[in-house]
Structures are given as C-alpha cells and as structure tokens.
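Presented below is the structure to which this report refers.
Bear in mind these aren't lab numbers, they're just calculated from the coordinates by the rules spelled out. These numbers were taken from a predicted model, which means no experiment stands behind them. Neighbour counts run over all protein chains shown; Cβ positions are idealised from the backbone, glycine included.
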Amino acid sequence: MNTCAECVMLVDDSEIDIFINRKILEFNHFSRDIVSTTSPREALDMLSDSEISKIPEVIFLDLNMPVIDGFRFLYEFSELPEQIRKYISIVVLTSSDNDLDKELANQSSSVIKFISKPLTDEKVLAIRDMIIRAS
C-alpha cells in the first residue's frame, strides 16, 4: 500500500501516546518512517540539523507539554528557515478542546488540522485524504 508521507514526526510529552499514535500510523501505512520525541526542543533541534531529504512532511504536535508547549514550538518553528518549513505540514493532536487553543494554533500557516486525542484510524485516513488532495 502506498504511504502518504515519506517521514512523519510525533512530538508529545507522553511516551504512551507516542507509542499508540505510532501503531495507528503504521497500521494505516501513513508513512515509511516515523520519528518521535517527548521534547519539543529536541524536535526543533532535529529540524534545524536535518538535511532536506530527512525532514518530515507531517508533524503531529501536542499542545500541552511542560517547559516548551506546542504554542512555543509553533512560534520557534516559524523562525526556522523557509527551505525547511515549506516541506512540513503540522497536525495539532491534543487533549484540548478549547476554542481559543484551536484559534491560536490555526494562526500558524503550517497547521493544516487541529484534532482532539485520541488519534483514530478515521482521523488518520481523513488527514491522508487532505494531504493527497492538496498535493
């Protein structure tokens, strides 16, 4: 089965959520390679150090994380060079159902979708369809 993306990144402070989300993405053949981290700082460092061929096409980002939250990640992500950012779409995957959180997250031009946890097969397929239609 064809994948939607060559590489995706999971950024979530919960290792359990990362494990579950990885399994759901693998089951749905969403990506050939899945990179994950519990640290938004580490994710930003990985993106800064990446060669273009290794940059994830999709980042699944949690909002509610200690030290650096998802909003700070989005701000710092917007400061990365355009040649990195232009290849990446961000899906905010969070336990928040706050309309203000959704509004703030959607202000980032890289955010393509705001969805509530848990990630499900149906949500993965909807995101895949959205990305395929946009390409």
**Study point:** Mean separation of Cα contacts under 8 Å, 6 or more apart, over the residue count of the chain: relative contact order %
**Key:** 25 percent
Practice item. Sort L80, L119 so that the residue with the fewest other Cβ atoms within 10 Å of its own Cβ comes first and the one with the most comes last. Key: L80, L119
Practice item. In debye, nearest 20, what is the charge dipole magnitude of the stretch 5-134 about its Cα centre with +1 on Lys and Arg Cβ and -1 on Asp and Glu Cβ, if you could check? Key: 380 debye
Point to revise | Distance between modelled label sites at F27 and D49, nm, 7 Å Cα→Cβ extension | key: 3.3 nm
Check your understanding: Which of S14, S110, S39 moves most in a GNM of the chain, Cα contacts under 10 Å?
Key -> S14
Point to revise | Label-reachable residues, the stretch 11-27, where backbone N falls under 18 Å from a point 7 Å from E42's Cα toward its Cβ | key: 11-23
**Study point:** Max mean-square fluctuation residue, GNM over the chain, Cα-Cα springs under 10 Å, options L47, L104, L93
**Key:** L104
Review point. Top mean-square fluctuation among N64, N98, N28, Gaussian network model of the chain, C-alpha springs under 10 Å?
Key: N98
Exercise for review: List the lysines whose Cα lies under 24 Å from the Cα of K102, skipping any in the same chain that are fewer than 8 positions away.
Suggested key: K86, K113, K117, K123
Practice item. Kindly write out, for the stretch 121-133 in residue order, the coupling ³J(HN,Hα) from the Karplus curve 6.51 cos²θ - 1.76 cosθ + 1.60 (θ = phi - 60°), rounded to whole Hz, with x marking Gly and Pro. Key: 4, 4, 5, 4, 5, 5, 5, 4, 4, 4, 5, 5, 5
**Study point:** Qualifying GluC sites (Glu not before Pro) in the stretch 69-112, DSSP loop, other Cβ atoms within 10 Å at most 15
**Key:** E79
Practice item. Taking the Cα centre of the stretch 1-48 as origin, work out the dipole magnitude from +1 charges on Lys and Arg Cβ and -1 charges on Asp and Glu Cβ, in debye rounded to 20. Key: 180 debye
Check your understanding: Based on the alpha-carbon gyration tensor of the stretch 1-100 and its eigenvalue square roots a ≥ b ≥ c, which shape applies: rounded if a/c is under 1.5, prolate if not and a/b is larger than b/c, or oblate?
Key -> oblate
